[in-house]
Amino acid sequence: MEGLPQCTALRAGCSKMAAPSNQGVNCREMSAGTETSFRRKVRGKLPAIRGTRPSVHNGQLLLSTGVPSLDHVLGGGLAVGTLLLIEEDTYSTYSNLLLKYFLAEGVVNGHEIYIASASEDPANILKDLPAPLTDEMPKPDDRKSEKQTSGFTEDPQETMKIAWRYQNMAKVESLPMSSTRFGHYYDISKTISPEMLQTAKSHSFYWPGTFLNQEDSLLCSSCEMTCDYYRLLESIQRVIHEGGYDGSNPQKRQKNILRIGIQSLGSVLWGDDICSSEHPQNLHSLTRFLYALRGLLRTSLSTCVITVPAHLIQNKAIMLRVRNLSDTVVGLESFIGSEKETNPLYKDYHGLLHVHQVPRLNSLTCDASDTKDLAFKLKRKLFAIERLHLPPDLSDTVSRLSKQDLAGSAKLLSSGCGTAAAGEKHLDF
Amino acid sequence: MLQELRTTGSPGITIISDSVLLPGRDLLLSFILASLQRGEQLHVIAFDVSREDFFAGFPGEFASRVTFHDGFSDPLGWESDPSAFTRDDFTVTSIMKRVGRPELPVTIVLDSLSWILARIPLTSVCHTLLGLTAAPHEGCGKLRMLALLHGDLHSPALLGSLSTVVDTFLDVRGSGEHLHVCVRHRRKTGKVISSGEELRILDTFALDIMMHRDSATRKENEVDPTKDLTFNLRLSDTERERKESAALPYVFSSNKKSSLLSSSSSSSAKIYYDPDPADDVDDEDPDDDLDV
């Protein structure tokens with residue numbers, strides 16, 4: 001454990017979440033003995049920070065991932081102080097997009113942003129963030145027409161004849177919610193406006209850039225590029241401390257959240273060899289880093305999203321450890337280049353989403369979604385995660401005649417009842 | 001796809017991966033010539049072949065426009081020839097010093113990348129490659145990079161890691177007398193296009209694409225997801241007939257209704273009601289207040 005900040009590493013083991021509420025609660029003074037000593041148990045008041053809301057399940061302060069349907073899948077959002085690990089798809093197209101959504105959500109809400117990358121200049125990532133759709137939410141009417149074109153029958157009475165109980169089931173696919181403060185929709189064809197970017201405070205960490213600035217650039221150019229995430233950790237720690245997110249340097253003004261996004265951690269460009277050999281030399285550097293990072297996050301008002309090229313990591317034990325060290329783990333599997341691309345089962349989707357792990361925060365249960373079959377699709381203005389199902393079979397071979405008969409008889413039936421009530425004709429049954 | 005990449009020149013890093021049985025050097029030469037025809041300046045850093053071997057079979061009018069860096073004759077710098085390219089020269093600064101500040105767009109050819117990967121760790125190779133191509137340099141704009149890689153020399157893990165860094169990956173595989181090339185190109189937007197092409201390389205190093213198969217055309221032979229089910233989703237004609245003729249117990253069909261109606265009208269079944277004396281009968285119409 002050499003080279004790691006000891007205090008934070010120690011705190012990482014502590015399971016209690018950093019409660020941003022602790023300072024501000026229970027400050028109501030007990031008044032004199034006239035009152036009864038019984039008090040209604042008041043749940044700790046969470047600080048009102050833009051873009052956050054308390055969880056309905058365990059009272060954790062949540063913030064949005066930037067994709068409302070992903071929030072829904074993960075039980076409302078990401079708890080402050082936790083770590084979301086995204087296992088990248090093969091070409092890391094969609095994982096980068098998710099990371100950008102997460103950061104863009106931070107910019108929109110005025111959170112502070114920290115970007116770390118080894119492959120792309122963080123300034124470019126910041127410039128490429130998608131623009132939020134603030135004024136026009138997708139209207140329900142649009143959705144309805146969309147459904148019609150995609151072949152669903154409209155009348156809810158007729159859609160489910162036999163399995164009618166399922167009509168009351170909650171829908172996983174989370175259509176746009178009315179709330180505008182928590183979770184936004186983004187248009188990926190446009191980039192965020194520079195004015196909005198200027199209002200957001202951002203920090204960045206560019207691995208090759210910081211490395212070349214050191215006097216040991218000669219070393220870097222030849223062979224012995226040290227693989228240690230120490231500098232990254234140090235940088236994050238400095239930002240957390242200077243911004244007062246750890247509570248040591250109390251934020252006098254409005255409390256704010258730090259959003260940390262780390263791109264492709266563990267890839268070759270970070271100087272790590274876990275992707276290229278099964279028995280890497282630095283077996284533990286990534287796990288050490290994550291352990292210390294988790295400690296930092298737990299004691300601060302910050303949330304971190306990391307993408308990891310899991311499909312490239314050769315040693316499966318490392319991947320297991322990395323998963324265990326993260327709170328929420330989500331895997332993306334895109335259909336690009338795979339044979340699933342041509343499978344009609346998946347024709348409406350761009351990939352599958354696997355929820356590997358959902359944290360149990362201050363409780364014994366987690367708010368895992370009840371279904372494992374989740375797929376995502378990307379439209380220009382919507383990244384939606386839905387329950388995977390077969391598209392409705394609209395071919396002529398399906399027997400649908402009997403349905404018409406039934407509908408006809410149902411109409412007869414209802415009319416029969418009506419007339420019977422009027423007392424003009426005989427009872428039908 | 002391949003033809004398009006060859007003529008317009010793909011930005012960033014292009015890697016041609018070959019094997020002993022299927023050398024990709026012809027494909028590399030074809031790309032080199034296309035780049036020269038576009039009027040680009042070309043720097044070849046050769047480790048695998050000597051200068052004579054490289055230019056053997058090279059069209060004469062173009063040979064003069066290639067700047068050749070010899071990494072073959074003196075790879076360890078024993079003869080202390082300043083023009084020789086050694087292992088230590090494979091850095092961004094050193095290569096940029098050799099390239100200089102030309103007016104024209106520059107393409108750097110590595111022949112081959114496998115030689116470098118055998119001597120320098122993958123991480124620093126990737127950083128050098130990205131350092132050369134990702135950011136525009138002073139004096140000359142963005143560089144292009146074209147590298148030959150002997151894919152059978154490296155582990156699949158290394159190839160996978162390398163392919164995340166490069167923009168275009170051409171994998172030369174064999175199929176009979178033609179070359180079969182799997183193309184994977186990543187656009188700047190992050191979109192990935194893949195295709196498989198069968199081709200012949202003509203004597204003039206032009207490409208003759210025999211067959212082209214990309215993801216759009218692959219859709220034709222799509223698989224049926226209901227193929228391997230353990231139950232039956234489709235009904236045969238007789239099955240459907242039987243299903244439709246079956247009377248469901250709780251469904252109120254029209255003939256059931258008519259039979260009920262006819263029986264009620266014809267038969268003498270009646271309901272007799274004997275009022276109980278204790279009954280509190282309300283003569284008032286309960287629905288009196290409604291405007292029915």
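The values are calculated or read from the model by the stated rules, or taken from the named source; none is laboratory data. All values derive from a computational prediction rather than experimental measurement. So basically every Cβ, Gly included, is an ideal-geometry build from the backbone, and we count neighbours across all protein chains shown. To get the accessible areas, we keep the full protein, side chains included, count just its heavy atoms, and leave off ligands, DNA and RNA. Shrake-Rupley method; radii C 1.70, N 1.55, O 1.52, S 1.80 Å.
Just in segment B:163-208: which GluC sites (Glu not before Pro) are loop by DSSP and have at most 14 other Cβ atoms within 10 Å? Show your work: numbers first, answer last.
Details: sites: B:Glu177, B:Glu197, B:Glu198; in loops: B:Glu177.
Passing both the DSSP loop test and the Cβ count: B:Glu177.
Sorted by accessible area (1.4 Å probe), largest first, how do B:Trp78, B:Trp115, A:Trp207 line up?
Working: B:Trp78 215, B:Trp115 40, A:Trp207 5 Å².
Heavy-atom accessible area, descending, gives B:Trp78, B:Trp115, A:Trp207.
Please tell me the relative contact order of chain B in percent, rounded to the nearest whole number, where contacts are Cα pairs under 8 Å and at least six residues apart. The partial results should precede the final answer.
Values: 381 pairs, mean separation 56.6, N = 292.
19 percent.
Tell me the mean residue ellipticity at 222 nm calculated for chain B from its helices only (DSSP H runs of n ≥ 4, each -39500 (n - 2.57), averaged over every residue, nearest 500). Before the final figure, lay out the partial values.
Working: 11 runs with 90 residues, N = 292.
Calculated from helices alone, the mean residue ellipticity at 222 nm is -8500 deg cm²/dmol.
Which of rounded, prolate, oblate describes segment B:55-207, given a ≥ b ≥ c as roots of the alpha-carbon gyration tensor eigenvalues and a/c under 1.5 marking rounded, otherwise prolate only if a/b is larger than b/c?
Values: a/c = 1.42, a/b = 1.27, b/c = 1.11.
Cα axes put segment B:55-207 in the rounded bin.
Run the count for segment B:2-219, please: Lys pairs, Cα-Cα under 23 angstrom, 8 or more apart or on different chains. Kindly include the intermediate steps, with their values, before the conclusion.
Values: B:Lys97/B:Lys142; B:Lys142/B:Lys188; B:Lys142/B:Lys191; B:Lys191/B:Lys219.
Count of close lysine pairs: 4.
Please give the peptides A:271-280, A:75-84 ranked by average Cβ packing (other Cβ atoms within 10 Å per residue), highest first, as a rough proxy for protection.
Details: A:271-280: 21.4, A:75-84: 24.6.
Packing proxy ranking, top to bottom: A:75-84, A:271-280.
Label B:Lys270 and B:Leu202 with points 7 Å out from Cα along Cα→Cβ: what is the distance between them in nm?
Roughly 10.3 nm, to one decimal.
Are there any trypsin sites (Lys or Arg not before Pro) in segment A:272-362 that are in a DSSP loop and have at most 15 other Cβ atoms within 10 Å? List them by number. Write out the running numbers ahead of the final one.
On the way: sites: A:Arg288, A:Arg294, A:Arg298, A:Lys316, A:Arg321, A:Arg323, A:Lys340, A:Lys347, A:Arg360; in loops: A:Lys347, A:Arg360.
The qualifying sites are A:Lys347, A:Arg360.
Per residue of A:310-318, how many C-beta atoms from partner chains lie within 10 Å of its own C-beta, taken as a mean?
Numbers: counts 0, 2, 6, 2, 6, 1, 0, 0, 0.
The shielding value for this peptide is 2.
Structure shown: which of A:Lys201/A:Lys347; A:Lys190/A:Lys340; A:Lys127/A:Lys379; A:Lys377/B:Lys243; A:Lys100/A:Lys255 lie over 31 Å apart, alpha-carbon to alpha-carbon?
Values: A:Lys201/A:Lys347 41 Å; A:Lys190/A:Lys340 29 Å; A:Lys127/A:Lys379 21 Å; A:Lys377/B:Lys243 38 Å; A:Lys100/A:Lys255 23 Å.
A:Lys201/A:Lys347; A:Lys377/B:Lys243, as the Cα separations exceed 31 Å there.
With a 1.4 Å probe, how much accessible area is buried between chains B and A, both sides summed, in Å² to the nearest hundred? Before the final figure, lay out the partial values.
Working: alone 18370 and 23950 Å², together 39120 Å².
Roughly 3200 Å² of accessible surface disappears when B and A pair.
Taking every residue in B:152-163, how many Cβ atoms of other protein chains lie within 10 Å of its Cβ, on average?
Per residue, the number of nearby Cβ atoms from other chains is 4 on average.
Where does each of B:Arg144, B:Arg87 land when they are ordered by accessible area, with a 1.4 Å probe and the largest first? Let's see the in-between values first.
Working: B:Arg144 60, B:Arg87 85 Å².
Sorted by accessible area, descending: B:Arg87, B:Arg144.
How large, in percent, is the carbon and sulfur part of the accessible surface of segment B:2-219 at a probe radius of 1.4 Å? Don't skip to the answer; put the middle values down first.
Working: 5170 of 9600 Å².
Result for segment B:2-219: 54 percent of the exposed heavy-atom area is carbon or sulfur.
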